[in-house]
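The values are calculated or read from the model by the stated rules, or taken from the named source; none is laboratory data. For clarity, every value in this text was computed on a predicted model and none was experimentally measured. Neighbour counts run over all protein chains shown; Cβ positions are idealised from the backbone, glycine included.
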Amino acid sequence: DAGITQSPRYKITETGRQVTLMCHQTWSHSYMFWYRQDLGHGLRLIYYSAAADITDKGEVPDGYVVSRSKTENFPLTLESATRSQTSVYFCASTPLPRGEQFFGPGTRLTVL
Amino acid sequence: ILNVEQSPQSLHVQEGDSTNFTCSFPSSNFYALHWYRWETAKSPEALFVMTLNGDEKKKGRISATLNTKEGYSYLYIKGSQPEDSATYLCAFQGAQKLVFGQGTRLTINP
(Lines give C-alpha, C1' and ligand atoms only; values in the text may rest on other atoms or scores of the structure.)
Protein backbone atom coordinates (compact mmCIF):
# COMPACT_ATOMS: atom_id res chain seq x y z
CA ASP A 1 0.00 0.00 0.00
CA ALA A 2 1.18 3.48 -0.80
CA GLY A 3 1.58 6.03 1.96
CA ILE A 4 2.37 5.61 5.61
CA THR A 5 1.16 2.61 7.56
CA GLN A 6 1.39 1.51 11.17
CA SER A 7 1.09 -1.92 12.71
CA PRO A 8 -0.46 -3.24 14.75
CA ARG A 9 -3.45 -0.88 14.87
CA TYR A 10 -4.42 -2.13 18.32
CA LYS A 11 -2.29 -3.80 20.95
CA ILE A 12 -2.90 -4.92 24.50
CA THR A 13 0.11 -5.92 26.55
CA GLU A 14 1.15 -6.35 30.15
CA THR A 15 3.44 -4.30 32.33
CA GLY A 16 7.06 -5.25 31.85
CA ARG A 17 6.73 -6.72 28.38
CA GLN A 18 8.64 -5.46 25.37
CA VAL A 19 6.47 -4.10 22.58
CA THR A 20 7.45 -2.87 19.12
CA LEU A 21 5.26 -0.60 17.05
CA MET A 22 6.01 -0.53 13.35
CA CYS A 23 5.89 2.38 10.95
CA HIS A 24 6.44 2.06 7.21
CA GLN A 25 6.30 4.73 4.50
CA THR A 26 6.56 4.27 0.74
CA TRP A 27 7.52 7.84 -0.20
CA SER A 28 11.20 7.65 0.74
CA HIS A 29 10.72 10.67 3.00
CA SER A 30 13.89 11.56 4.89
CA TYR A 31 12.23 12.65 8.11
CA MET A 32 10.16 10.41 10.34
CA PHE A 33 8.59 11.05 13.73
CA TRP A 34 6.86 9.24 16.58
CA TYR A 35 4.21 11.04 18.65
CA ARG A 36 1.95 10.01 21.46
CA GLN A 37 -1.49 11.46 22.03
CA ASP A 38 -2.53 12.00 25.61
CA LEU A 39 -5.48 13.81 27.13
CA GLY A 40 -4.41 17.22 28.32
CA HIS A 41 -1.14 17.09 26.39
CA GLY A 42 -2.15 16.86 22.76
CA LEU A 43 0.53 15.33 20.56
CA ARG A 44 3.99 15.00 22.07
CA LEU A 45 7.13 14.04 20.17
CA ILE A 46 8.89 10.89 21.37
CA TYR A 47 11.69 10.48 18.82
CA TYR A 48 12.46 11.61 15.33
CA SER A 49 14.85 10.72 12.56
CA ALA A 50 16.34 12.92 9.87
CA ALA A 51 17.64 10.02 7.76
CA ALA A 52 18.61 6.38 7.98
CA ASP A 53 20.83 5.77 11.01
CA ILE A 54 20.18 9.28 12.39
CA THR A 55 17.77 9.53 15.32
CA ASP A 56 17.22 12.06 18.08
CA LYS A 57 15.13 12.48 21.19
CA GLY A 58 11.95 14.46 21.33
CA GLU A 59 10.02 15.75 24.31
CA VAL A 60 9.17 12.41 26.00
CA PRO A 61 11.78 9.78 25.03
CA ASP A 62 12.15 7.93 28.34
CA GLY A 63 11.23 4.24 28.12
CA TYR A 64 11.34 4.17 24.32
CA VAL A 65 13.95 3.08 21.80
CA VAL A 66 13.97 3.69 18.04
CA SER A 67 16.05 2.57 15.10
CA ARG A 68 16.18 3.56 11.45
CA SER A 69 18.22 1.02 9.50
CA LYS A 70 16.16 1.65 6.34
CA THR A 71 14.67 4.91 5.14
CA GLU A 72 11.16 3.48 4.90
CA ASN A 73 10.93 1.94 8.38
CA PHE A 74 10.98 3.57 11.80
CA PRO A 75 10.06 1.08 14.55
CA LEU A 76 9.37 2.24 18.09
CA THR A 77 10.13 -0.17 20.94
CA LEU A 78 8.90 0.01 24.49
CA GLU A 79 11.58 -1.93 26.31
CA SER A 80 9.55 -2.64 29.44
CA ALA A 81 6.02 -1.35 29.06
CA THR A 82 4.41 0.63 31.88
CA ARG A 83 0.79 1.66 32.39
CA SER A 84 1.74 5.28 31.77
CA GLN A 85 2.63 4.29 28.21
CA THR A 86 -0.99 3.49 27.45
CA SER A 87 -1.71 5.90 24.63
CA VAL A 88 -2.38 6.31 20.93
CA TYR A 89 0.87 6.44 18.97
CA PHE A 90 1.19 8.23 15.66
CA CYS A 91 4.01 7.95 13.19
CA ALA A 92 4.59 10.75 10.67
CA SER A 93 6.95 11.55 7.83
CA THR A 94 7.96 14.49 5.69
CA PRO A 95 10.41 14.98 2.83
CA LEU A 96 11.55 18.44 3.87
CA PRO A 97 12.82 20.05 7.08
CA ARG A 98 9.88 22.49 7.03
CA GLY A 99 7.46 20.29 5.16
CA GLU A 100 3.99 19.29 6.20
CA GLN A 101 3.97 16.04 8.08
CA PHE A 102 1.97 13.05 6.86
CA PHE A 103 0.54 10.98 9.66
CA GLY A 104 -0.11 7.27 9.85
CA PRO A 105 -3.43 5.89 11.11
CA GLY A 106 -2.19 5.43 14.68
CA THR A 107 -1.69 2.48 17.04
CA ARG A 108 -3.81 2.27 20.15
CA LEU A 109 -1.69 0.65 22.86
CA THR A 110 -3.08 -0.50 26.21
CA VAL A 111 -0.70 -1.61 28.96
CA LEU A 112 -2.41 -3.59 31.69
CA ILE B 1 9.96 24.00 27.66
CA LEU B 2 8.28 25.59 24.66
CA ASN B 3 4.71 26.74 25.21
CA VAL B 4 2.25 26.67 22.33
CA GLU B 5 -1.19 27.88 23.33
CA GLN B 6 -4.39 27.61 21.36
CA SER B 7 -7.61 29.41 22.16
CA PRO B 8 -10.36 28.77 22.61
CA GLN B 9 -10.14 25.11 23.61
CA SER B 10 -13.55 24.46 22.09
CA LEU B 11 -15.99 26.36 19.98
CA HIS B 12 -19.56 25.81 18.83
CA VAL B 13 -20.56 27.68 15.69
CA GLN B 14 -23.78 27.80 13.73
CA GLU B 15 -23.64 26.48 10.18
CA GLY B 16 -22.96 29.33 7.79
CA ASP B 17 -21.21 31.51 10.36
CA SER B 18 -17.56 32.43 10.08
CA THR B 19 -15.14 31.81 12.90
CA ASN B 20 -11.51 32.15 13.87
CA PHE B 21 -9.12 30.92 16.52
CA THR B 22 -5.65 31.67 17.74
CA CYS B 23 -2.30 29.98 18.14
CA SER B 24 0.35 31.66 20.31
CA PHE B 25 3.97 30.54 20.18
CA PRO B 26 7.46 31.71 21.12
CA SER B 27 8.68 34.60 19.01
CA SER B 28 12.31 33.43 19.12
CA ASN B 29 14.02 30.63 17.17
CA PHE B 30 11.10 30.47 14.75
CA TYR B 31 11.41 28.05 11.85
CA ALA B 32 7.81 27.37 10.77
CA LEU B 33 4.23 27.27 12.00
CA HIS B 34 2.00 24.37 11.00
CA TRP B 35 -1.78 24.00 11.05
CA TYR B 36 -3.42 20.58 11.01
CA ARG B 37 -7.01 19.45 10.86
CA TRP B 38 -7.84 16.37 12.92
CA GLU B 39 -11.17 14.63 12.55
CA THR B 40 -12.32 12.19 15.19
CA ALA B 41 -11.00 8.65 14.66
CA LYS B 42 -8.70 9.82 11.88
CA SER B 43 -5.15 11.14 11.64
CA PRO B 44 -4.10 14.79 11.55
CA GLU B 45 -3.95 16.27 8.04
CA ALA B 46 -1.89 19.31 7.13
CA LEU B 47 -3.66 22.53 6.24
CA PHE B 48 -0.79 25.00 6.04
CA VAL B 49 2.90 25.38 6.75
CA MET B 50 3.84 29.02 7.19
CA THR B 51 7.37 30.29 7.36
CA LEU B 52 7.48 34.04 6.76
CA ASN B 53 6.24 36.87 8.94
CA GLY B 54 3.11 38.29 7.35
CA ASP B 55 2.36 35.05 5.49
CA GLU B 56 -1.25 34.53 4.55
CA LYS B 57 -2.40 31.19 3.18
CA LYS B 58 -5.76 30.06 1.90
CA LYS B 59 -7.34 26.73 1.05
CA GLY B 60 -10.96 26.99 0.02
CA ARG B 61 -12.89 28.57 2.89
CA ILE B 62 -10.00 28.23 5.34
CA SER B 63 -7.24 30.79 5.64
CA ALA B 64 -4.43 31.57 8.07
CA THR B 65 -2.19 34.48 8.94
CA LEU B 66 1.16 34.58 10.68
CA ASN B 67 2.89 37.15 12.89
CA THR B 68 6.29 35.82 13.95
CA LYS B 69 7.39 39.04 15.67
CA GLU B 70 4.60 38.87 18.23
CA GLY B 71 4.21 35.09 18.12
CA TYR B 72 0.69 34.40 16.93
CA SER B 73 -1.23 32.88 14.05
CA TYR B 74 -4.94 33.05 13.29
CA LEU B 75 -6.98 30.42 11.48
CA TYR B 76 -10.19 31.61 9.82
CA ILE B 77 -13.07 29.53 8.51
CA LYS B 78 -15.59 31.34 6.35
CA GLY B 79 -19.17 30.07 6.09
CA SER B 80 -18.74 27.05 8.38
CA GLN B 81 -20.11 23.72 7.18
CA PRO B 82 -20.80 20.55 9.20
CA GLU B 83 -17.77 18.88 7.61
CA ASP B 84 -15.56 21.55 9.21
CA SER B 85 -16.20 19.95 12.60
CA ALA B 86 -12.79 18.78 13.79
CA THR B 87 -9.94 19.64 16.11
CA TYR B 88 -7.56 22.19 14.65
CA LEU B 89 -3.96 21.87 15.81
CA CYS B 90 -1.17 24.32 15.43
CA ALA B 91 2.47 23.35 15.85
CA PHE B 92 5.52 25.55 16.34
CA GLN B 93 8.64 24.34 14.59
CA GLY B 94 12.07 25.30 15.80
CA ALA B 95 14.63 23.39 13.70
CA GLN B 96 13.30 19.89 13.02
CA LYS B 97 10.92 19.30 15.89
CA LEU B 98 7.27 20.26 16.12
CA VAL B 99 5.67 21.33 19.39
CA PHE B 100 1.91 21.05 19.20
CA GLY B 101 -0.72 23.08 20.93
CA GLN B 102 -3.62 21.23 22.53
CA GLY B 103 -5.96 22.17 19.72
CA THR B 104 -9.25 23.95 19.24
CA ARG B 105 -12.20 21.59 18.98
CA LEU B 106 -14.70 23.07 16.54
CA THR B 107 -18.30 21.86 16.37
CA ILE B 108 -20.62 23.15 13.67
CA ASN B 109 -24.26 23.13 14.64
CA PRO B 110 -26.64 22.55 11.70
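Checking each residue in segment A:5-49 for being in contact with a Pro (Cβ under 8 Å, 6 or more places away or on another chain) and in a strand (DSSP E or B) picks out A:5, A:6, A:20, A:21, A:22, A:23, A:31, A:43, A:46, A:47. In summary, residue B:105 fulfils each of the numbered conditions (1) assigned to a strand (DSSP E or B); (2) closer than 23 Å to residue A:94 by Cβ; (3) charged (D, E, K, R) with the single exception of condition (2). Among the listed residues B:25, B:30, identify the single one that is aromatic (Phe, Trp, Tyr) and modelled with pLDDT under 95. Just one listed residue meets the conditions, B:30. Examine segment A:54-69 for a residue that is within 14 Å of chain B (Cβ to nearest Cβ) and in contact (Cβ under 8 Å) with a residue 40 or more places away in the chain, and state whether such a residue exists. For segment A:54-69, residues within 14 Å of chain B (Cβ to nearest Cβ) and in contact (Cβ under 8 Å) with a residue 40 or more places away in the chain: absent.
Within segment B:60-83, the presence of a residue that is modelled with pLDDT of 95 or more, within 14 Å of the chain's Cα centre (by Cα) and under 24 Å from residue A:89 (Cα atoms) is excluded. For segment B:70-110, a tally of residues being away from chain A (no Cβ under 14 Å), surrounded by fewer than 20 Cβ atoms within 10 Å (Cβ to Cβ) and polar (S, T, N, Q) returns 4. Scanning segment A:58-69 for residues that are in contact with a strand residue (DSSP E or B) (Cβ under 9 Å, 6 or more places away or on another chain) and either modelled with pLDDT under 95 or not in a strand (DSSP E or B) (or both) yields a count of 7. State whether the residues of segment B:2-18 include one that is surrounded by 17 or more Cβ atoms within 10 Å (Cβ to Cβ) and touching a Phe, Trp or Tyr at 6+ places or on another chain (Cβ under 6 Å). Within segment B:2-18 (the criterion being surrounded by 17 or more Cβ atoms within 10 Å (Cβ to Cβ) and touching a Phe, Trp or Tyr at 6+ places or on another chain (Cβ under 6 Å)), the answer is yes, since at least one residue qualifies.
Here segment B:31-42 is the region considered, the condition is being closer than 24 Å to residue A:98 by Cα and surrounded by fewer than 18 Cβ atoms within 10 Å (Cβ to Cβ), and the residue that is farthest from the other protein chains (Cβ to nearest Cβ) is B:39.
Scanning segment B:94-110 for residues that are over 21 Å from residue A:36 (Cβ atoms) and of a type in the set (A, V, I, L, M) yields B:106, B:108.
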